[in-house]
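Participant: Could you have a look at this structure, given as structure tokens, before my questions?
The values are calculated or read from the model by the stated rules, or taken from the named source; none is laboratory data. Quick caveat, the model's predicted, so the values are computed rather than measured. We place every Cβ from the backbone using ideal geometry, glycine too, and count neighbours over all the protein chains shown.
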Amino acid sequence: MMETCMLACERAETVTEIASWANELIGKAVPGYPDYRVVKVTQFQLVRTQNGYDAALLVDVMEWLNEGSQVTLREADIKVIEQLTSTIVNEPESEAMGT
């Protein structure tokens, strides 16, 4: 399920620095929320400061399944797995080894 998150960048010297930072966020963990990954930047706002720029970004994020997460299989997935595994022919070990 897609969710929205706001991120900020402070004290950037150039707009290019902010753009690079924002582009590098895609696919990475959301700061402070390691179970979520940034999918895309949907909106942004730049604010000119005395020494450069600050920025606020609205990003779409999605929960990331890590290795410890359980995977839920749909019934259709289970049927395909059963069909694939039922077509595998088990040869006796001696024949498979060529003896």
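Participant: Would you please name the residue that is surrounded by the most Cβ atoms within 10 Å (Cβ to Cβ), looking only at residues in segment 9-55 that are under 30 Å from Leu65 (Cβ atoms), touching a residue at least 12 places away in the same chain (Cβ under 8 Å) and charged (D, E, K, R)?
Facilitator: Arg37
Participant: Could you grab me the full set of residues in segment 57-99 that are surrounded by 10 or more Cβ atoms within 10 Å (Cβ to Cβ), modelled with pLDDT of 70 or more and part of a loop (DSSP other than H, G, I, E, B)?
Facilitator: If the condition is that a residue be surrounded by 10 or more Cβ atoms within 10 Å (Cβ to Cβ), modelled with pLDDT of 70 or more and part of a loop (DSSP other than H, G, I, E, B), then Trp64, Leu65 are the ones that fit.
Participant: Which residues, taken from segment 1-48, are assigned to a strand (DSSP E or B) and among the basic types (Lys, Arg)? Walk me through how you get there before you give the answer.
Facilitator: At the first step, the residues of segment 1-48 found to be assigned to a strand (DSSP E or B) are 2-12, 26, 29-30, 33-48.
Answer for segment 1-48, where residues must be assigned to a strand (DSSP E or B) and among the basic types (Lys, Arg): Arg11, Arg37, Lys40, Arg48.
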